[in-house]
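For reference, the structure is listed below as structure tokens.
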Amino acid sequence: MPIAIYRKYRPQTFAEVVGQNHIKTTIQSELENGKIAHAYLFSGPRGLGKTTMARLLAKAVNCLNRQPGQSEPCNTCEACKEVVENRSIDMIEIDAASHTGVENVRDNIINSSRFTPTSRKFKVFILDEVHMLSPGAFNALLKTLEEPPAHVIFILATTEIHKVPETIISRCQHFDFRKVTTAEIIGRLSQIAGKEGLKIDQPVLENIAYFSEGCLRDGESLLGQILSLGEKEITMEQAELVLPRMQFDLALELIEYLNRRDGVAAIELINNLAAEGINLERFSGNLIEALRKMLLLKISPPLGQFGRGLNKDLEKKISQLAEQTAIDFLIKAVEVLIRRRQELKFAEIVQLPLELAVLEIIAEENYDEDKTPPGKPRLAAEKKIIKSGESDNLSITPNKEAPKLTGALVGGGTPPFAKGGEEKPKKTLGQVSLTLPQVKGKWPEVMVCLKKYNQSLAATLNISQPSQIDENGILEICFRHKFHQQRINDLKNKQILEKVLAEIFGQRLSVKTAVMPPSGNKIEVQALAETQAESPIADILQIFGGRVVE
């Protein structure tokens, strides 16, 4: 029966262990100085070499040929061969996941530890997945672990250190295993491929390292699957029969469409992926990861190293896209996709959440153009989606002077996130004849109507006041605190408020918010105080004898 690659090439010396230098150095130093601890605890993610390190330590302490000042086992003496061939009587490896009870700990560990080793210097107990022991089993093990016989060494391994009691951790030397770097995984895989007489293209090794996510055993398992193809030369085309297909090239293509405001092409790409049976949840994960890497590069190029390693062509393309893309777009795109990705698991139409994400990403935030810093890229198309009447249906309100959302879907035009883009047309809602006194006169009616939709929102508006309105129908509302301003600026809350304003005044108004400076005009402060006096807050203050603290 063929042996799995990760077992066939399991490290037999400390020098062969990939990564974990902080652990190797300490343990080898203890072996060289003869200062072996009575208990060790190895923790960390799967596939990093915890069990391998435990076996190496067990082999080294009983090696018959190891001299003082040396740490590596000889692998030739009878004691080393017994460990390598899994026939050592004095190395007892226990799977704690299947021996969780008190009886198993008492019979297999406590009672056994009382007897001296059969033929070696130390009796070594390796407890794998130790976090699976029951509370009673941990308590039974505690006393023996604290004061074991001189001939006993305990080595505990776990992937979930938070489930191990502090009383156990405090009695062990704790070593935390770290994920292996991409370069170290590629180097190890190349070494194994050479021993197998196999030639593998570099991009294949890079993809294996990517999918292993820092776990060397996963990478070796994927390499074993590729070896099963029986080919002496492995290209990317052949490797894709085994490896999950990477969709970073398609993810970058979609990002380019979003950058150009080409919603039609973006939605077509998503539907083509769904028709081909590609896992859209995995695709959206690749998309988020690509955007994150672009965001890191945008903040500072050296931060790009914190993204997962990709092949050189993809890295170059991501860098070029990052230069052309505004950081506001990247932040918004990541936030939208993270939210929409959760909906993919339950969507009846599997591609619909991603289609909605595309529309949401290319839609424009409500920026005040007069306050936008010079040279700062603005988001692309104006949002025209509003709720109509009392129904839950969305309608698109046409506007001759402002770009429509549907116009953003046809592509073309200047990329909104590129540097040096042309100035977009200013948003115009149409001429209105309202004056500020008229708005203030009906402001109580606005509060009453707003309560039908959202009482909490109405309470927030109660401690504000309209400050100005222009001929284009842009109504500015002034707040005392930034928290209240941010709440109204929420897209959903702003849409509700604008809908109520349209009902009360019979004209479509756009809401703009501002925060009153600390040294605000006394008249404005007095106006806000009067507004508060007319609100339900005044009744509450009167009942409980309280006062408003600014």
Q: Filter segment 86-103 for residues that are hydrophobic (A, V, I, L, M, F, W, C), in contact with an Asp or Glu (Cβ under 8 Å, 6 or more places away or on another chain) and either outside any loop (DSSP other than H, G, I, E, B) or without any contact (Cβ under 8 Å) to a residue 12 or more places away in the chain (or both) and give the result.
A: 91, 94
Q | Qualifying position, being surrounded by fewer than 22 Cβ atoms within 10 Å (Cβ to Cβ), touching a strand residue (DSSP E or B) at 6+ places or on another chain (Cβ under 8 Å) and among the small types (Gly, Ala, Ser), among 221, 190, 228 | A | 190
Q: Within segment 32-39, identify whether any single residue is part of a loop (DSSP other than H, G, I, E, B), closer than 17 Å to residue 184 by Cα and either in the same structural domain as residue 168 (by TED's automatic domain parsing) or free of Cβ contacts under 8 Å to residues at least 60 places away in the same chain (or both), and answer yes or no.
A: no
Q: Being surrounded by fewer than 22 Cβ atoms within 10 Å (Cβ to Cβ), among the basic types (Lys, Arg), touching a residue at least 24 places away in the same chain (Cβ under 8 Å) and not assigned by TED's automatic domain parsing to the domain that holds residue 218 narrows it down to one of 106, 120, so name that one.
A: 106
Q) Out of all the residues in segment 107-125, is one or more closer than 28 Å to residue 178 by Cβ, at pLDDT 90 or above and in a helix (DSSP H, G or I)? A) no
Q: Considering only segment 240-269, state which residues are under 21 Å from residue 331 (Cβ atoms), part of a loop (DSSP other than H, G, I, E, B) and touching a helix residue (DSSP H, G or I) at 6+ places or on another chain (Cβ under 6 Å).
A: 261
Q. When residues of segment 58-85 are filtered for being polar (S, T, N, Q), assigned to a loop (DSSP other than H, G, I, E, B) and touching a residue at least 60 places away in the same chain (Cβ under 8 Å), how many remain?
A. 1
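Name the strands (runs of 3 or more DSSP E) wholly inside segment 451-550 in which the number of residues that are in contact with a Ser or Thr (Cβ under 8 Å, 6 or more places away or on another chain), surrounded by 14 or more Cβ atoms within 10 Å (Cβ to Cβ) and modelled with pLDDT of 80 or more is 3 or more.
Counting at least 3 such residues, we get 464-469, 474-479.
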Q | Of residues in segment 211-239 being outside any helix (DSSP H, G or I) and of a type in the set (Gly, Ala, Ser), the one nearest to the chain's Cα centre (by Cα) | A | 214
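The values are calculated or read from the model by the stated rules, or taken from the named source; none is laboratory data. The model shown is predicted, which means the values in this text are computed figures rather than measured ones. Backbone-built Cβ (ideal geometry, glycine too); neighbour counts: all protein chains shown.
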